[in-house]
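Here's the structure, in structure tokens; my notes come after.
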């Protein structure tokens, strides 16, 4: 009974999550702490909290410009690597990549 109340106190003060309080008080049962919180606590533990993603905010023009600049630099880096590979294949291995018509 005492460990249940200490778990309730720790969790309701916000010091621990119920799993952390369970580890702190060395409670081995999986649901023992949760049952104690449901019986003796003041918070609603009847249903789990559903994590809803935060609504995505619209980008400001400055954020859009920065994102597009990052994408452009990534694309340019990929393009330069591709050019180096094609050049190496042409020079060292004699393999050409001409367009066929």
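Tabulated data
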quantity	calculated
Separation in nanometres of the label points that stand 7 Å from Cα toward Cβ, at residue 77 and residue 58	3.1 nm
Projected area, mean over directions - region 58-101, Cα convex hull, nm²	4.8 nm²
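Values in this text are rule-based calculations from the coordinates and carry no lab data. This structure is a prediction, so every number in the text was calculated from the model and none was measured. Virtual Cβ from ideal backbone geometry, glycine too; neighbours counted across all protein chains shown.
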